[in-house]
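Everything on this sheet refers to the single structure shown next.
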Amino acid sequence: MAKVPHILIIYTGGTIGMVKDYKTDVLQAFNFDNIYKKIPELKLLNCTIDSYAFPKPIDSSNMNPIHWKEIATIIQSNYHNADGFVVLHGSDTMSYTASAISFMFENLAKPIIFTGSQLPIGDLRTDAKENMITAIEIAATQKDNKPIIAEVCIYFEYKLYRANRTSKISSEQFEAFDSPNYPDLAESGVRLKFNIPYLVSVNKPEKLIYRKIQNHNIILLKLFPGINKNVIQHIFNMPNIDGIIIETFGSGNAPTDKWFLDILKKALKKGIPIIDITQCVAGSVCLGRYETSIELLKMGLINGYDITTEAAITKLMYLLSAKKTNGDLKTLFETPLRGEITPN
Ligand code: ASP
């Protein structure tokens, strides 16, 4: 008889574990032990569950690479005794954390499912119950004793997404996430329907490699028409910057003013990698398609293709932490490492 899967829940904070202080009307994190009181159905799932809670649960706006390391270290130290992981996390920065974790683990062969909710667990209309129960079910789903999912995902409002393809798109709707450049990995209806051709498949599991993200000396610059020369100059001249991501227009286009291109060239000459990603929600950078990106292509900007901002930021931190520079960093950034990018 097949062994019942064992799932580790990691509770970091966020709305899913919050209660309202009715005197002040403010949402505050509550003790994780109460989760079982709030969702007794958890005991009915066909898996065994263990849990770990951050000693001090946090709103995800306070998440940073130190917390990413805390989550990853717990996963790594339980990797052999758990069959899958569910990370309860605030939705605000969930796409960043989940993308970061996807890069930190190479050769992942088990599911790591992030979920959260838009309404607190105690709320009558809460989405927390469904999100959490289905996330656990997905983490526990196996075929021939092997997990169906072997990657880092986000489950939210009936859909499973590849985490490093997601962005939070609504602070209001229950459908808070989207994956505009990659198909959903599963949908939860009457049955759980997996989109098998789009899942990472593991034929022969290799040893899990865990690399920490330690370098976050990067900048994200969003262009807008009329952006001030002094501001850009100031940003590019800041000390101790190891990488810059520019959110450009459309398919990777930017102003052709000489002063703008000169600032970029000077940074590249200093060995600072510059990545071109699009501020469009969907679609890809295509350097050289328009005159407004030919110079960027010629000077050697890194092509971010269809990567999300969240994945670009965490991938750049990951590559810089691994001490990748110049050519190596460009090649690796433009190559899918965890299914996060589609070079065209
Ligand atoms: N502010 C909350 C957080 O991200 C919102 C949520 O959980 O959805 O922690």
Picking from A2, A82, which residue would you name as being at pLDDT 95 or above, among the small types (G, A, S) and farther than 25 Å from L124 by Cα? A82
Subset of the stretch 166-185 that is open to solvent by less than 10 Å² (accessible area, probe 1.4 Å) and not small (G, A, S) - its residue that is farthest from P336 (Cα to Cα): F177
Going by what's in this entry, would T12 be described as within 17 Å of C153 (Cβ to Cβ), open to solvent by less than 70 Å² (accessible area, probe 1.4 Å), within 12 Å of the ligand (Cβ to nearest atom) and in contact with a helix residue (DSSP H, G or I) (Cβ under 6 Å, 6 or more places away or on another chain)? no
Here's a check for you: in the stretch 138-149, which residue that is open to solvent by 10 Å² or more (accessible area, probe 1.4 Å) and assigned to a loop (DSSP other than H, G, I, E, B) is nearest to E106 (Cα to Cα)? I148
Can you tell me which of (1) over 25 Å from A176 (Cβ atoms); (2) within 16 Å of the ligand (Cβ to nearest atom) is the one C47 doesn't meet? (2)
Is there a residue in the stretch 123-137 that is outside any helix (DSSP H, G or I), touching a Leu at 6+ places or on another chain (Cβ under 7 Å), within 16 Å of the ligand (Cβ to nearest atom) and among the polar types (S, T, N, Q)? yes
(1) away from the ligand (no atom under 16 Å from the Cβ); (2) assigned to a loop (DSSP other than H, G, I, E, B); (3) open to solvent by 40 Å² or more (accessible area, probe 1.4 Å); (4) farther than 24 Å from L42 by Cα all hold for P197 apart from (2)
Among the residues of the stretch 225-256, which ones are assigned to a loop (DSSP other than H, G, I, E, B) and either within 17 Å of I313 (Cα to Cα) or open to solvent by 70 Å² or more (accessible area, probe 1.4 Å) (or both)? P225, G226, N228, N237, M238, P239, N240, I241, D242, G252, T256
Going through the stretch 39-72 one residue at a time, which ones are in contact (Cβ under 8 Å) with a residue 60 or more places away in the chain, assigned to a helix (DSSP H, G or I) and either open to solvent by 40 Å² or more (accessible area, probe 1.4 Å) or small (G, A, S) (or both)? E41, K69, A72
Flagged in the stretch 102-122 as under 15 Å from K212 (Cβ atoms) and either within 16 Å of the ligand (Cβ to nearest atom) or open to solvent by 20 Å² or more (accessible area, probe 1.4 Å) (or both), in numbering order, are E106
If a residue has to be aliphatic (A, V, I, L, M), part of a loop (DSSP other than H, G, I, E, B) and farther than 14 Å from K143 by Cα to count, how many in the stretch 200-211 make the cut? 2
Which residue is most open to solvent (accessible area, probe 1.4 Å), if the candidates are limited to the stretch 73-91 and must be in contact with a Phe, Trp or Tyr (Cβ under 7 Å, 6 or more places away or on another chain), away from the ligand (no atom under 16 Å from the Cβ) and aliphatic (A, V, I, L, M)? I74
Of residues in the stretch 300-344 being part of a helix (DSSP H, G or I) and of a type in the set (V, I, T), the one most open to solvent (accessible area, probe 1.4 Å): T331
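The values are calculated or read from the model by the stated rules, or taken from the named source; none is laboratory data. Bear in mind that the values here come from a model prediction, so they are computed numbers and not experimental data. When we count neighbours, we look across all protein chains shown, and the Cβ atoms used for this are built from the backbone with ideal geometry, even at glycine. Side chains included, ligands, DNA and RNA excluded: accessible areas come from the protein's heavy atoms. Shrake-Rupley method; radii C 1.70, N 1.55, O 1.52, S 1.80 Å.
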